[in-house]
Structure formats: C-alpha cells, structure tokens
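J.: The structure under discussion is supplied below as structure tokens; questions concerning it will follow.
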Amino acid sequence: MIFRYTDDLPEPAETLARAVAKPRGLGEWAYSNTNYVALGLLIEAVTGRPYGDVVRERVLEPVGLTRTRMPGDEVDLPEPHLHAYLEIDGKLEDLARMNASQAWAAGQLVSTAADLNRFYAAVLGGELLGGDELAAMLTGVPNGDGTAYGLGIGRETLPETGVLLAELLPRY
C-alpha cells in the first residue's frame, strides 16, 4: 500500500511557515485555506488558549450550536448524518468517514443544517459581530466570474434575477 499523505500532515505552524515561504502574486487575490490556519494561530497567540476551546466558548456555546463540534481525529460523524458512498476496488466506501483535523482552523468543524442556519442568523443578525465587522464581511472582492468573496461570505448573482445571494441570506 502506498503511504497516505493525510497521515503525516504538518502542524498548523509548519503549514503556515511553508505557505509564507512560497512566492506570492502581488496585487492578486484568491481564496486560501491558509488564511484560516493563520487566523487559528493568531487566536491562540492572543488568547494563550487552544483555538478549539476559544471557538467553542465564544461562538458555539453562546449561539447555541449544540450539534456543531470539532471532531479532532475521530473519523465517524455523530448520528444521524448523511452518508455518501463511492465504489473503490469493487467495494463501497463511506465518504462521510474522514479525519477532519487535517483542516484544523480551515475546516475542522462539522455541523448540522439547523446549526448552520442558526450560525448565519447570528452572524448576519449582529449577535457575533459589530456593524463595521459585518459590513467588511459582506464586502466582497470580485473573482472575475460574476462572484465575489468577502471575509467568509460569498456573493453570487442568482441567474436571471440580478439579485445577489448575500442579500438574501439575512431573510432566512
């Protein structure tokens, strides 16, 4: 069997060090998960506490996201959850089984649709951010394809309507 690279991923600080050692395009913008790794490390440096503990105490608990968690090295999601299968070498493999810790601050959270709705309602309703922070989050950088990406919120014009998706989110 060939070695699985996901079994030997670098720690967040090493991930960031590798990323900043690479050449960057000046004046260019692109989405990068490395930004979230940097944010997680910044949270730990400022608070002196683990990123996951801070997110749990400052976001998940106050907003009531009871079905959202950071599974660490657990590969099985809590039931109930959807399953997706892919046939590999004649055997169906459950794609829901994965170690999400490799993403760390860039995507280690797992949640439910109800908790995700509650999170966006809290963000867009001003429970988690001040007005200036929310305005910055909703100000998207054009991607050149009709979409734009802000600080965690994507904007896309709905086909044949001219309505921006980000304008619809607060109504839900």
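J.: Just to verify a number: FRET efficiency for Ala135 and Arg49, C-beta to C-beta distance, R0 = 25 Å, to 0.05?
T.: It comes out at approximately 0.30.
J.: Would you please give the residues with an amide H less than 5 Å from that of Arg155, counting only those at least 5 places away or on a separate chain, with H modeled from the backbone geometry?
T.: Ala148, Tyr149, Gly150
J.: Now for a separate question. If neighbour count is taken as other Cβ atoms inside 10 Å, put Thr157, Thr68 in order from fewest to most.
T.: Listed from fewest to most nearby Cβ atoms, that is Thr157, Thr68.
J.: Continuing with this model, one more query. Can you give me the long-range amide H partners of Thr68? Hydrogens built in the peptide plane at 1.01 Å from N, cutoff under 5 Å, separation of 5 or more residues or another chain.
T.: Distant-sequence amide H within range of Thr68: zero hits.
J.: So if R0 is 30 Å, what FRET efficiency would Tyr149 and Asp89 give, r being the distance between their Cβ atoms, rounded to the nearest 0.05?
T.: Computed FRET efficiency for Tyr149 and Asp89 comes out at 0.20.
J.: Just to confirm a number: summing +1 for Lys and Arg and -1 for Asp and Glu over residues other than Leu60 whose beta-carbon lies under 11 angstrom from that of Leu60, what do you get?
T.: Once positives and negatives cancel, what remains is +1.
Each value in this text was obtained by applying a stated rule to the coordinates, not by laboratory testing. What you are looking at is a predicted structure, and each value in this text was computed from that prediction instead of being measured. Neighbour counts are summed over all protein chains in view; Cβ atoms, including those assigned to glycine, are modelled from backbone coordinates with ideal geometry.
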